[in-house]
Amino acid sequence: MSISNNNTLVLGTEDRQGCVSFQGMFPRVGVVMSDPLRRIDALVDEGTLPAPQVRQQLRLAAGLTQAEVADAIGVQRVAVARWEAGLTQPHRGNRLKYAHLLRKLAAKHPDAAEGAPNEE
């Protein structure tokens, strides 16, 4: 524990990656807090979706129907149709699942995703 130049109380120590550890200060607590920007980046990167037309290309390359994708994610088929048309975007929980599926499909079918810019 220390006090910085601007009279801010600092608990713990920061490592080279910007993580703050409190283990030395509180032996029974194993809390490690990462830099907020890194946590935000992780959320954004996990849920980044390709452009709508690429979503459809990936699904078709895998030989999947919209109903099969919807069933895997836990939504109605019309939701997948809207996502592929760019009319709506999946909510956070569904977005993470959908992005995960699309990353797996892109790994299996790289030609279907080639040259496709990420939308979000």
Sites THR65 and HIS100, calculated FRET efficiency, Cβ-Cβ separation with R0 22 Å, nearest 0.05: 0.75
Charge context of THR65, other residues only, Cβ under 12 angstrom, K/R +1, D/E -1: -1
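Between ALA51 and THR88, 0.36 nm times their residue separation minus their Cα-Cα distance comes to what? List each step's numbers first, then the result.
Numbers: separation 37, 0.36 × 37 = 13.32 nm, distance 1.21 nm.
Full extension from ALA51 to THR88 adds 12.1 nm.
So, counting K/R as plus one and D/E as minus one, what does the shell of residues with Cβ under 14 Å around VAL80 add up to? If you can, show how the numbers build up before the last one.
Values: positive: ARG55, ARG59, ARG77, ARG82, ARG95, LYS97; negative: GLU68, ASP71, GLU84.
Within the 14 Å Cβ shell, the charges total +3.
All of the numbers you see were taken from the coordinates with simple rules; none came from a lab. As the structure is a prediction and not an experimental result, all values here were calculated from the model. Note that each Cβ is placed from the backbone with ideal geometry, even for glycine, and that neighbours are counted across all protein chains shown.
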